[in-house]
């Protein structure tokens, strides 16, 4: 069966993890300890950024970043209409208003050419989601932000190590947010997240915010929350981070097999010279997507859909959006995610492509 086998993907990290876990248990420090500090420093160095503040999950990272902007209630934040629902929830949770912008059908990321028409007097920020491991068009987005005095938040949940013009995503915005959900390219053994910021002031504020508004025990300076990456997850992430470039390189080689072998019946990801994609997933599109998935499942190939229901059609959000988003709908109705993980081999992917081409 060809599927995302997380146990197999993580197996090479277990020995060091279990050995190091004994040290945590011996010391008895499980929250905001040395492993968290070490991971924040190591991840900052990996990305080439100033400050990293770890949190409990990617949604908290987005919400806390937006709250840190201290914007007036119901200020508008622009975000791609095909984004995962977490992006929309973070905007709402921060007391702000999400305004959807259609994506570029070739890249699935927010279309800079469509952003301008969505900017109003209430627009205060752009949430740029680097979807599927491909960076957004940062030069154009940064130009729009500068000309319109807008904040920029990057959602890098699917793009650990992705680059735009040889610069890591997460380096461009006022804040950048990462998720370490187990399926991510840098995935933990549970939930986890991080916020990248540019100033010591922002870093200190976020550290208070994640810990009940406190940096010293029982002294609460602001209204905060409980959103902390625990020592055990930080330990595992520190171990795995050392192999992140290896994981990315492996996934790129698997993607090459798809590019070289898939026939023209399928719409495949766009390759762009100014971007280094990490292929968090390898998505293709086909008009008979559901029939294709059923065919592949019979051949023991499991697939996924990122995502089957667009956010503006989710029952929870039905009162917030009243426009049509045909490009987003086309993506959601035709996209399918193929096997591509650290556990797969080029031989595995060759088999998948042969089966796909017979559809």
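Readers should treat all values here as calculations from the given coordinates under stated rules, not as data from a laboratory. As the structure is a prediction and not an experimental result, all values here were calculated from the model. With ideal geometry, Cβ positions are generated from the backbone for all residues, glycine too; neighbour counts draw on all protein chains shown.
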Original post:
How big is D for the stretch 6-241, in µm² s⁻¹ as a whole number, if Stokes-Einstein is applied with the Kirkwood radius of its Cα pairs at 4 °C and 1.567 mPa s?
Top reply: 71 µm²/s
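When you count, for each residue, the other Cβ atoms within 10 Å and take the mean per peptide, how do 258-271, 177-190 rank with the highest first? Before the final figure, lay out each step's value.
Details: 258-271: 14.2, 177-190: 22.2.
Going from most to least packed, we get 177-190, 258-271.
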**OP:** For a footprinting-style exposure proxy, rank 39, 46 by other Cβ within 10 Å, fewest first.
**Re:** 46, 39
Original post:
If you average the sequence gap of Cα pairs under 8 Å that are 6 or more apart and divide by the length of the stretch 1-126, what percent do you get for the contact order?
Top reply: 19 percent
**OP:** Take the Cα coordinates of the stretch 27-86, assign each an equal point scatterer, and use the Debye formula without solvent to give log10 I(q)/I(0) at q = 0.18, 0.21, 0.25 Å⁻¹.
**Re:** -0.86, -1.00, -1.12
Original post:
Cα gyration tensor of the stretch 288-332, axes a ≥ b ≥ c as square roots of the eigenvalues: rounded (a/c below 1.5), prolate (a/b > b/c) or oblate?
Top reply: prolate
Original post:
Given the rule -39500 (n - 2.57) for each run of at least 4 DSSP H residues, summed and divided by the residues of the chain, what is its mean residue ellipticity at 222 nm, to the nearest 500 deg cm²/dmol?
Top reply: -12000 deg cm²/dmol
Original post:
How long is the gain from residue 299 to residue 183 if the chain were fully straight, where each residue apart is worth 0.36 nm and the alpha carbon distance is subtracted?
Top reply: 39.5 nm
**OP:** Give the calculated FRET efficiency between residue 357 and residue 45 to the nearest 0.05, with a Förster radius of 45 Å applied to their Cβ-Cβ distance.
**Re:** 0.60
**OP:** For residue 246, put the label point 7 Å out on the Cα→Cβ axis and report which residues of the stretch 332-358 keep their amide N under 15 Å from it.
**Re:** 342-344
Subject >> Among 35, 113, 333, residue whose mean-square fluctuation peaks in a GNM of the chain (springs only between Cα atoms under 10 Å) >> reply: 113
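Provide the FRET efficiency to the nearest 0.05 for the residue 163-residue 225 pair, computing r from the beta carbons and using R0 = 22 Å.
0.10
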Subject >> Extended-chain gain in nm, criterion 0.36 nm per residue less alpha-carbon gap, residue 17 and residue 273 >> reply: 88.4 nm
Original post:
Relative to the present Cα-Cα distance, how much length would full extension add between residue 322 and residue 5 at 0.36 nm per residue of separation?
Top reply: 110.2 nm
Original post:
What's the Cα-based Rg to Rh of the stretch 62-133, Rh via Kirkwood?
Top reply: 0.95
**OP:** Over all directions, average the projected area of the Cα convex hull of the stretch 244-357 and note it in nm².
**Re:** 8.9 nm²
Original post:
Taking only C-alpha pairs under 8 Å that are 6+ residues apart, what is the relative contact order of the chain in percent?
Top reply: 22 percent
Subject >> Cα centroid separation, the stretch 213-227 to the stretch 21-89 (Å) >> reply: 16 Å
Subject >> Projected label distance in nm at residue 199 and residue 216, using a 7 Å step from Cα toward the beta-carbon >> reply: 2.3 nm
